[in-house]
1. Name the single residue, out of those in the stretch A:351-371 being part of a helix (DSSP H, G or I) and of a type in the set (Val, Ile, Thr), that is farthest from A:Leu234 (Cα to Cα).
2. What is the number of the single condition among (1) of a type in the set (D, E, K, R); (2) without any contact (Cβ under 8 Å) to a residue 40 or more places away in the chain; (3) closer than 18 Å to B:Glu147 by Cα that B:Lys196 does not meet?
3. Within the stretch B:3-23, can you find the residues that are modelled with pLDDT of 95 or more and either touching a strand residue (DSSP E or B) at 6+ places or on another chain (Cβ under 6 Å) or not in a loop (DSSP other than H, G, I, E, B) (or both)?
4. Quick check on A:Val245: is it more than 13 Å from every other protein chain (Cβ to nearest Cβ), in contact with a Leu (Cβ under 8 Å, 6 or more places away or on another chain), surrounded by 22 or more Cβ atoms within 10 Å (Cβ to Cβ) and closer than 23 Å to A:His312 by Cβ?
5. Of all residues in the stretch A:58-83, which are surrounded by 24 or more Cβ atoms within 10 Å (Cβ to Cβ) and over 13 Å from the mean Cα position of the chain (by Cα)?
6. Give A:Ile305, A:Ile220, A:Ile296 a once-over and let me know the one that is hydrophobic (A, V, I, L, M, F, W, C), surrounded by 22 or more Cβ atoms within 10 Å (Cβ to Cβ) and over 30 Å from A:Ser403 (Cα atoms).
7. Quickly run through the stretch B:123-141 and pick out the residues that are within 14 Å of chain A (Cβ to nearest Cβ) and of a type in the set (Gly, Ala, Ser).
8. Considering only the stretch A:248-285, state which residues are away from chain B (no Cβ under 14 Å) and part of a helix (DSSP H, G or I).
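The values are calculated or read from the model by the stated rules, or taken from the named source; none is laboratory data. Bear in mind the structure is a predicted one, so any value in this text is a computation, not a measurement. FYI the Cβ positions are ideal-geometry reconstructions off the backbone, even for glycines, and counts take in every protein chain you see.
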Amino acid sequence: MPSLLIRGGRIVDPSQSLDATGDVLIRDGRVVAIGAAAVSESDAAGADEVIDAEGMIITPGLVDMHVHLREPGREEDETIETGAAAAIAGGFTSVACIPNTEPPIDTQGAVEFIHQKAARADACNVFVVACVSRDRAGKELAEIGQLVEAGAVAFTDDGSPVYDAELMRRAFEYCRMFDKPILAHEEVLELSHGGVMHEGLVSLALGLPGMPAAAEEVMIGRDIALAEVTGGRLHVMHLSTAGGVALVRRAKAQGIAVTAEATPHHFTLTDECLRQFDSNYKMSPPLRTAADVEAILDGLVDGTIDCIATDHAPHAIEKKMLELDRAPFGILGLETAVGLSITRLIVPGRLDWPRLVDAMSTLPSRILGIDRGTLAVGAVGDVTIIDPNLTWEVDASTFRSKSVNSPFHGWQLTGRAVATIVGGRVKFRLHEAAAAS
Amino acid sequence: MTASDHAFAEVPQSWTHRHLLDLERLSADDITLLLDTAAAFKQATNGCRTKLTALAGSTVVNLFFESSTRTKTSFALAARRLGADVVDFSAAGSSLSKGESFIDTAKNLEAMGVDAVVVRHQTPGTPHLLTEHLGVGVINAGDGPHEHPTQGLLDIFSIREQLGSLEGLTVGLVGDIAHSRTARSNLWGLTKLGAKVILCGPPTLVSQRWQELGVEVSHDLDTILPRCHVLNLLRIQFERQNTPPFPSVREYAHLYAMDKRRLRRARSDLVILAPGPINRGVEVTADVADCPQSLILNQVTNGLAVRMAALWLTCGPRAGEPTPSSQPAGASA
């Protein structure tokens, strides 16, 4: 297998507390040398391919632990192939796909199907999150041990909460045996029933049915209590409310095994956007208030929120071009996450680069227990190269995703992945992509 | 063309809107222009009884995705009073039941050459979305619990006709504020014209959050009653509730129904409005609904005048633009 040399970039790898200008040499799919003056002249001369990364940020390949690839069952929205293509175009070398497909991913065969489709797509790594409950029906546990053997890295019924509290308790207890986290969609359905947006002053004025913050917070509270009593690992998905951030912060202080993610849209947009009645702003959990956005940002800064995940949720255009109450929940994320994170977090100085890379690579890898998120010698050669200063305009018509449901179309962003390297092979280069289109 | 038609030869240039979607985003001047135009139409048609030719050659479609009798009839009559043709489209039995999207339905109607679309829909914002897909004027005839601008205007028109001005009046909106588009349109229109608004009903139907918009919230009708110049009694929309907002109709009527006993405690010149359909015995007792202070039937007549104004301002001829009737047959809009 050929060798790849990435030269002269700023290497940010929080897994080894590294933030320095230097080179990365990958051979046979693995990192063989990293750092300033770590690559000998003879090795450099012998490299099959060289990428000049001067002025660029070199990070361990980014990991999005919350992606809906829709296949099998809803190939009109996304396929594993188009989703993986969107991932590498957005700078992600790995995604974890969520099992609310049709049928849901609750058997070994279904996990193998995803792995085979991902291998055929040959773009990014696709890790499988499988169902907590059989048929995602919330009645009885799926065959979690079998699913672990097939390669499932975590469990979730996302799209829905695990509604039965006893089943959730059993799931926490049972998953301890495999040291796997439960990724929890936190929602009390009776409180959010029929809602299309955050319940607040804007929903009141627009007459739109609301989803109160309490619907999320009550369920987070329940799951923290269950994680505590069982010793299980709770990962709170798409945290969106100030109250939820406070609950997670307190649980962490108490030593309960809880982690959390936030999405770029929840740290960027507010419920005011719904005044346009555009269903691209409709997602679950909904866009909250400016105070909630500030709380999410604070949570990212102090580490209450471990990581950034997109909840990439493609929907075909005809499904979104409906009345607000009939349109489905969901927003694209893979191809705008890096730009939004840099624009919203790095440029204003809220996060530094090591913390951002931690949130987008190292910590999600650790939560999922996958051997990614590091550029230590011997690690898999997954690398993302980011131009931190590139300003660009989001154009949904150029997305690799099969869908276009992004309210960020037309936005000016700063920072973008310019090369995505998976297992030592360059899978995406922005300038080649731009030249080809 | 009669003499009274000449007064309506061209839409005033101070009206800059293409659509009538909500009152929240109109200015006080816009609302006053609508009310003055409605008053002029009411006078020119002898109380909305005779016909004009102001919109002759135009076609208005009533696109109703939700059932309605009085609003739909009122718009149809208003259009005919202005000389326009009216087409009715209701969702039941249409292509919508075959899975067509509302946007495709509306585009098809537009392609048939209509000049204005009057739309009612159960979902807030649907008229607003239509304006992004259609090239013709859109009038919101009620979008879920969001707004019902012509209802708000006709309520305000009726108050103005009775009491002269809105400035300094206190108007109580009583009942199901949570699900009432009439309440929202009234709230914006009234406050813009200088009236004070009190929202009154149980906390399950009247959120404390309304106070953030500078309106008063009360859960006690008897306390606010002596201060009100106008009461607008809103229907409980049982069909929009997930769970019952109060224990029983009996208990609600006890706390909030406008009856003779309460009427005695109110100002002697109190004006009572109800957007209808009214539930006699729930928000208002029969004797009060039919008492001299009640403008309920005036509201219906004034609805015609307001809708004539809305149609005229939305699709009437503008300076420098061709009128529908002056275009050659088959010309595309």
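1. Only one residue fits best here, namely A:Val357.
2. (3)
3. B:His19, B:Leu20, B:Leu21
4. yes
5. If the condition is that a residue be surrounded by 24 or more Cβ atoms within 10 Å (Cβ to Cβ) and over 13 Å from the mean Cα position of the chain (by Cα), then A:Ile58, A:Thr59, A:Pro60, A:Arg70, A:Asp77, A:Glu78, A:Ile80 are the ones that fit.
6. Being hydrophobic (A, V, I, L, M, F, W, C), surrounded by 22 or more Cβ atoms within 10 Å (Cβ to Cβ) and over 30 Å from A:Ser403 (Cα atoms) holds for just one of A:Ile305, A:Ile220, A:Ile296, which is A:Ile220.
7. B:Gly125
8. Hits for the stretch A:248-285 are A:Val248, A:Arg249, A:Arg250, A:Ala251, A:Lys252, A:Ala253.
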